[in-house]
Amino acid sequence: MSFTAALWTAMTPIYGAILRHPFLAGLTDGSLPRERFRFYVVQDALYLREFARALSLAAARAPQDDWIVMFNEHAAGALRVERALHEGFFEDFGLSADEVAATPPAPTNLAYTSYLLAVAYGAPFHEALAALLPCYWIYWEVGKQLERAGSPDPLYARWIATYASEEFGGVVRAVLAATEAVAAQRSSVERETIRRHVLTTSRYEWMFWDMGWRLEAWPV
């Protein structure tokens, strides 16, 4: 079994919980209330800004030139390509870019991005890569799964199609290949650290959708 296959086996219970979450069920059957999707895409836009920072930090630590280029390109893509998708949603909701930027991150969003940035800044490249991997991988798997089910809501179908696309799949496969290459050169202890980071941020992925479902706010 490859290292990434073993990772996916470890992630499967979390991924199953993600697929069962009412937020994703509502995307598929079209029943998700617009206010919850609106909350989610605003928070996701804030998340992507910090995710891009973490990608750039990881690129700075990458041991291969191709990975330096790849992760810097992904950082730019997080801010350009996916921002374009979000801005389309913001137009639908009548939100300006300034309004989105002025929105404070929800508690889960701040916790997740703080974890990513801390690992990307202070840990070796293999740990930074591990922390970043689930955001790529889970969204691709979710996109493919939801596209097979379809959605009667054009807005939600557009979101699903972005992450189910072959273009996005190519990006994810490149990151998985880098993960395999990195893991092959790490000790068993270091591979366990990779696994721990992957499971941690996979759980944060579940929490992010749950945050949107609950319209999470600071309690005090």
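Okay, here's what the table says:
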read-out	value
Any chance residue 116 is within 18 Å of the chain's Cα centre (by Cα) and more than 30 Å from residue 31 (Cβ to Cβ)	yes
Every residue from the stretch 1-31 that is farther than 24 Å from residue 184 by Cβ, out of contact with any Pro (no Cβ under 8 Å at 6 or more places or on another chain) and outside any helix (DSSP H, G or I)	21, 31
Of residues in the stretch 171-214 being among the charged types (D, E, K, R) and within 15 Å of the chain's Cα centre (by Cα), the one farthest from residue 135 (Cα to Cα)	210
Top-ranked residue in the stretch 110-159 [being aliphatic (A, V, I, L, M) and surrounded by fewer than 20 Cβ atoms within 10 Å (Cβ to Cβ); ranked as nearest to residue 13 (Cα to Cα)]	149
Members of the stretch 173-220 that are in a loop (DSSP other than H, G, I, E, B) and closer than 19 Å to residue 10 by Cβ	186, 187
Residue among 205, 127, 180, 141 that alone is in contact (Cβ under 8 Å) with a residue 60 or more places away in the chain and touching a Pro at 6+ places or on another chain (Cβ under 6 Å)	205
Subset of the stretch 183-202 (residues that are touching a residue at least 24 places away in the same chain (Cβ under 8 Å), closer than 16 Å to residue 67 by Cβ and not small (Gly, Ala, Ser))	186, 194
Residue in the stretch 147-172 that is nearest to residue 74 (Cα to Cα), counting only those that are in contact (Cβ under 8 Å) with a residue 60 or more places away in the chain, of a type outside the set (D, E, K, R) and part of a helix (DSSP H, G or I)	171
Test for residue 105: is it in contact with a helix residue (DSSP H, G or I) (Cβ under 6 Å, 6 or more places away or on another chain), touching a residue at least 40 places away in the same chain (Cβ under 8 Å) and under 23 Å from residue 9 (Cα atoms)	no
Single residue of 199, 155 found to be at negative phi and either modelled with pLDDT of 95 or more or in contact with a helix residue (DSSP H, G or I) (Cβ under 6 Å, 6 or more places away or on another chain) (or both)	199
Test set (1) over 13 Å from the mean Cα position of the chain (by Cα); (2) more than 27 Å from residue 92 (Cβ to Cβ); (3) at pLDDT 95 or above - residue 217 fails condition number	(2)
Options 24, 95, 19; residue that is more than 17 Å from the chain's Cα centre (by Cα) and more than 30 Å from residue 124 (Cβ to Cβ)	95
Flag for residue 21 being within 24 Å of residue 181 (Cα to Cα) and either surrounded by 14 or more Cβ atoms within 10 Å (Cβ to Cβ) or not small (Gly, Ala, Ser) (or both)	no
Spans of helices (runs of 4 or more DSSP H) in the stretch 47-146 with at least 3 residues small (Gly, Ala, Ser) and at negative phi	65-93, 107-122
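The values are calculated or read from the model by the stated rules, or taken from the named source; none is laboratory data. Everything numeric in this text was worked out from a predicted model, so none of it was measured. No Cβ is skipped: glycine too gets one built from the backbone with ideal geometry, and neighbour counts run over all protein chains shown.
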